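Only one structure is covered here, and it is reproduced in the block below.
The values are calculated or read from the model by the stated rules, or taken from the named source; none is laboratory data. From a predicted model like this one, the values you see are computed outputs, not experimental measurements. Note: ideal-geometry Cβ built from the backbone for every residue, glycine included; neighbour counts use all protein chains shown. Just the protein is used for accessible areas: all its heavy atoms, side chains included, with ligands, DNA and RNA removed. Shrake-Rupley method; radii C 1.70, N 1.55, O 1.52, S 1.80 Å.
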Amino acid sequence: MKEQLIKIIAEELSVEEKDITLESDLQEDLGADSLDAIQLIMSIENEFDVTVPESEIDHLKKVSDILKYLEENK
Amino acid sequence: MGLSKGNFKIISSGHYTPEGVLTNKDLEKIVETSDEWITTRTGIKERRISDGKTTSDLATLAAKNAIEKANYDKEDIDLIIVATFTAEIRSPSVACRVQAKLGLDKPGLLAFDINAACTGFIYALNIAERMLQTGAYKAALVIGSEVISRVTDYKDRNTCVLFGDGAGAVIIEKDESKEVVFSVQTKSDEDLILYVDDYVSMNGPKVYQFASRIIQSSVNAVLEHGNIDKDSIRKIIPHQANIRIIQSASKALKMPMDSFYVNIHKYGNTSAASIPIALDEMLETEKINSGDKIILVGFGAGLTSGACSLTF
């Protein structure tokens, strides 16, 4: 799941997979703006067939936040 | 979700955009922003700003354009619905002003406005379609018209770069061979993520999130309810709010960007006018054959949203 997630993040945000760690913050470290971050979550929803409630999206700031969410809700 | 099927034929369409152009470079002189920032964030290069013409002036010019293009006998019009949130006066409605400016006085003619923000034109089409079905009305003039520059705070760089003025109109008549399918809804917005009091105010990321998701679900609802094959859609005309919302919808729907009609670079977001302006421009530039289907999809303050498929 982690590899798949990193692959999507790399694709969506046009960054190298090797530059992404669990501690990477989407906006501060990976150069996403607020709209990129939302777009990324939508792609993750499609890829993993989950629906992230709007209230949760604000809390998904780091790669580890997303992974934790997916592990708990997938 | 409000799903319905009906029918009408688009007899003609028209639009009017004011001559005054406000470019990104012009805005650089007014607020702290840049052409590059606006273009990459929104896809907008310039917008049109009314030079004193009112919302009903713009609406009337768009209506005249539609009437002239089809050489339509305006005396046949017995229903006028204007979608707007920027009426120049509180009462009478913009639709009543349009009636007067077009010189229409057919007995039984009905004119009124609706306010569903950027989804207004789709709501208005849905209402007109239902009213034509009763048989009490022959021809509906449905208009989206806005002078948003009146309610834009040109000190707020987050909103003033987004909006422009304009109007678009269609004339429709009942036609059982031309099926239309609607999906409309209003989602409650307790936090008012998008509203207009003296000026437009919005929480950009929240609106983006809502919009990107709702385009996909509205279009899919229309396709499903109408049993329409996605590949048979000639064009999708989305509300022109932000190019990135359209790109996001393109990706989510797995439909290429060239299946979406885009003119946001020229006009910005003209709210209820954006879909009918785009529709008219598309009909002027693309060859649409009888039987072709297109989809209109909008979203806006409310939170309103809706889509409809039209048959040509």
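Scanning segment B:104-116 for residues that are outside any strand (DSSP E or B) and touching a residue at least 12 places away in the same chain (Cβ under 8 Å), which turns out most open to solvent (accessible area, probe 1.4 Å)?
B:N115
So which residues in segment B:187-236 are assigned to a loop (DSSP other than H, G, I, E, B) and of a type outside the set (D, E, K, R)?
If the condition is that a residue be assigned to a loop (DSSP other than H, G, I, E, B) and of a type outside the set (D, E, K, R), then B:S188, B:L192, B:I193, B:Y199, B:N203, B:G226, B:N227, B:I228 are the ones that fit.
Any residue in segment B:121-129 that is modelled with pLDDT of 95 or more, buried (at least 24 other Cβ atoms within 10 Å of the Cβ) and not in a helix (DSSP H, G or I)?
Checked segment B:121-129: no residue is modelled with pLDDT of 95 or more, buried (at least 24 other Cβ atoms within 10 Å of the Cβ) and not in a helix (DSSP H, G or I).
Only residues that are under 19 Å from B:T159 (Cβ atoms), out of contact with any Gly (no Cβ under 8 Å at 6 or more places or on another chain) and open to solvent by 20 Å² or more (accessible area, probe 1.4 Å): list them for segment B:33-58, please.
Across segment B:33-58, the qualifying residues are B:T33, B:S34, B:D35, B:E36, B:W37, B:T39, B:T40, B:R41, B:K45.
Only one of B:A241, B:A273 is open to solvent by 10 Å² or more (accessible area, probe 1.4 Å), touching a residue at least 24 places away in the same chain (Cβ under 8 Å) and under 12 Å from the mean Cα position of the chain (by Cα); which?
Exactly one of B:A241, B:A273 is open to solvent by 10 Å² or more (accessible area, probe 1.4 Å), touching a residue at least 24 places away in the same chain (Cβ under 8 Å) and under 12 Å from the mean Cα position of the chain (by Cα), namely B:A241.
How many residues are outside any loop (DSSP other than H, G, I, E, B) and within 12 Å of another protein chain (Cβ to nearest Cβ) when one looks only at segment B:247-282?
7
Mind telling me which of the residues B:M282, B:M257, B:M202 ends up being open to solvent by less than 30 Å² (accessible area, probe 1.4 Å), among the hydrophobic types (A, V, I, L, M, F, W, C) and out of contact with any Asp or Glu (no Cβ under 7 Å at 6 or more places or on another chain)?
None of the other options fit; the residue is B:M282.
Could you check segment B:20-45 and list, in sequence order, the residues that are closer than 12 Å to B:F163 by Cβ and either under 20 Å from the mean Cα position of the chain (by Cα) or not in a helix (DSSP H, G or I) (or both)?
Those that are closer than 12 Å to B:F163 by Cβ and either under 20 Å from the mean Cα position of the chain (by Cα) or not in a helix (DSSP H, G or I) (or both): B:L22, B:T42, B:I44.
Got a number for residues in segment B:182-199 being within 26 Å of A:N46 (Cα to Cα) and open to solvent by less than 60 Å² (accessible area, probe 1.4 Å)?
Within segment B:182-199, residues that are within 26 Å of A:N46 (Cα to Cα) and open to solvent by less than 60 Å² (accessible area, probe 1.4 Å) number 6.
Test of understanding: among A:E12, A:E17, which residue is acidic (D, E), touching a residue at least 12 places away in the same chain (Cβ under 8 Å) and either within 12 Å of chain B (Cβ to nearest Cβ) or more than 27 Å from B:D191 (Cα to Cα) (or both)?
A:E12
Quick one: in segment B:237-246, of everything that is more than 10 Å from every other protein chain (Cβ to nearest Cβ) and outside any helix (DSSP H, G or I), which residue is nearest to B:I264 (Cα to Cα)?
B:Q240
Considering every residue within segment A:51-74, establish whether at least one is within 14 Å of chain B (Cβ to nearest Cβ), open to solvent by less than 40 Å² (accessible area, probe 1.4 Å), touching a residue at least 24 places away in the same chain (Cβ under 8 Å) and more than 9 Å from the chain's Cα centre (by Cα).
no
Report, by residue number, each residue of segment A:20-50 that is without any contact (Cβ under 8 Å) to a residue 40 or more places away in the chain, hydroxyl-bearing (S, T, Y) and either open to solvent by 60 Å² or more (accessible area, probe 1.4 Å) or in a helix (DSSP H, G or I) (or both).
A:S34, A:S43
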